[in-house]
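Working notes, beginning with the structure itself.
The values are calculated or read from the model by the stated rules, or taken from the named source; none is laboratory data. On a predicted model such as this, the values are computed, not experimentally measured, just so you know. Here the Cβ positions follow ideal geometry from the backbone for every residue, glycine too, while neighbour counts run over all protein chains shown.
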């Protein structure tokens with residue numbers, strides 16, 4: 001598929017969704033349709049049909065909600081029939097739920113019940129057919145794979161192992177043309193990749209986003225020697241952004257989260273499929289809404305206390321109020337975490353458990369009451385962290401933890417959290433294997449109900465620490 005075909009696929013996907021939404025809503029607004037739907041489903045007397053002027057803003061809101069919900073389907077990728085159907089109906093169901101909620105709370109631009117039901121049934125039948133037709137018309141029938149690698153032998157191994165149609169490979173290896181290497185273009189300069197039979201080098205890793213955008217690649221096979229933070233997890237992050245599947249050689253299975261599907265699509269022995277998105281859309285949406293509510297509420301509630309803490313820190317020891325530390329985010333990326341400073345400046349060490357003598361007097365109180373964590377609520381509000389998840393680890397400390405086990409990188413497939421299952425079970429970086437098991441268990445079991453249980457237990461522990469601190473003060 002060419003770049004132009006990919007752009008046409010996106011345009012038709014969006015335009016078709018909008019057109020079908022408009023048609024079903026307008027048809028559902030007809031008086032005879034409302035009457036029949038209301039009688040069939042026993043909804044009582046149907047609402048009177050809206051005039052064109054009254055229906056227009058409601059139609060705009062409805063179209064916007066549905067078009068945004070179906071946005072992932074506008075990406076030009078080959079999908080199985082069942083995946084296309086379920087991938088269409090799930091976001092449609094979420095959009096309908098949002099529209100029904102607007103109606104329940106009396107939103108001025110809301111659809112009548114018969115109209116909403118008619119539109120839901122119509123779109124549920126038409127949209128999957130539309131996207132299946134687009135795939136048949138503009139996408140190749142077979143899956144298309146892109147190999148990432150630097151060594152010809154490893155690239156050829158991937159080509160032999162996969163049953164998908166390989167479009168080429170990408171490599172950051174640059175040599176000279178005199179060495180007999182094939183020349184590809186990489187952002188305006190010549191990128192020389194290893195010579196691999198009849199397969200072309202489509203560019204360097206710096207062009208990976210562009211390659212995925214324009215080549216209709218459904219699967220990426222990173223044949224890199226190491227599962228490092230930079231290249232390997234950088235490839236995974238790009239594939240996650242573009243909704244592309246990833247299969248890796250089984251030598252890296254200890255460093256990644258594997259898909260529940262046993263062999264993966266279009267793969268043979270020696271390759272395993274990665275689960276780039278272990279949580280579904282509903283889980284991510286619900287979790288994000290809760291994060292925003294919790295972080296916003298707690299920031300407002302603790303603002304006066306935060307001001308008092310800042311004054312106490314400045315009076316207790318020299319140095320800034322806040323302490324900044326780079327920690328690991330999803331797919332090995334890093335982001336700055338801010339906490340109220342609890343140690344003397346320039347005194348931290350990457351070795352877990354070796355900082356007791358460097359903690360200030362105010363810092364001991366802050367750590368015991370967990371009040372030093374308050375500034376991290378801002379990172380949650382920004383979307384860099386979640387309230388519950390595998391706790392973000394300092395990048396330098398994480399290098400030591402990776403020496404214990406490469407499986408530690410499995411934590412990088414979800415957003416880090418302020419607290420988590422490991423924290424309420426007293427598993428810390430001093431016991432990395434126990435902490436890792438708790439984090440992986442959380443990733444498998446995540447739900448809003450499970451998050452709520454963890455938060456309640458964490459708050460109970462904080463309350464217990466406060467009581468213990470108070471009783472200790474009374475005894476002195």
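Quick notes on this one:
- Filter pass, residue 300 being part of a helix (DSSP H, G or I), buried (at least 22 other Cβ atoms within 10 Å of the Cβ) and modelled with pLDDT of 90 or more: no
- Qualifying position, being more than 27 Å from residue 16 (Cβ to Cβ), touching a strand residue (DSSP E or B) at 6+ places or on another chain (Cβ under 8 Å), at pLDDT 85 or above and not assigned by TED's automatic domain parsing to the domain that holds residue 67, among 170, 177: 170
- Test: residue in segment 463-475 that is farther than 30 Å from residue 250 by Cα and in contact with a strand residue (DSSP E or B) (Cβ under 6 Å, 6 or more places away or on another chain): no
- Members of segment 270-282 that are within 12 Å of the chain's Cα centre (by Cα) and either at pLDDT 80 or above or under 11 Å from residue 258 (Cβ atoms) (or both): 275, 276, 277, 278, 279
Residues are listed down the side, and each one gets a yes or a no for (1) outside the structural domain of residue 372 (by TED's automatic domain parsing); (2) buried (at least 20 other Cβ atoms within 10 Å of the Cβ); (3) touching a residue at least 24 places away in the same chain (Cβ under 8 Å):
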residue	(1), (2), (3)
409	no, yes, yes
415	no, yes, yes
419	no, yes, yes
427	no, yes, no
437	no, no, no
442	no, yes, yes
455	no, no, yes
466	no, no, yes
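- When segment 134-150 is filtered for residues that are at pLDDT 90 or above and more than 14 Å from residue 216 (Cα to Cα), only 148 remains.
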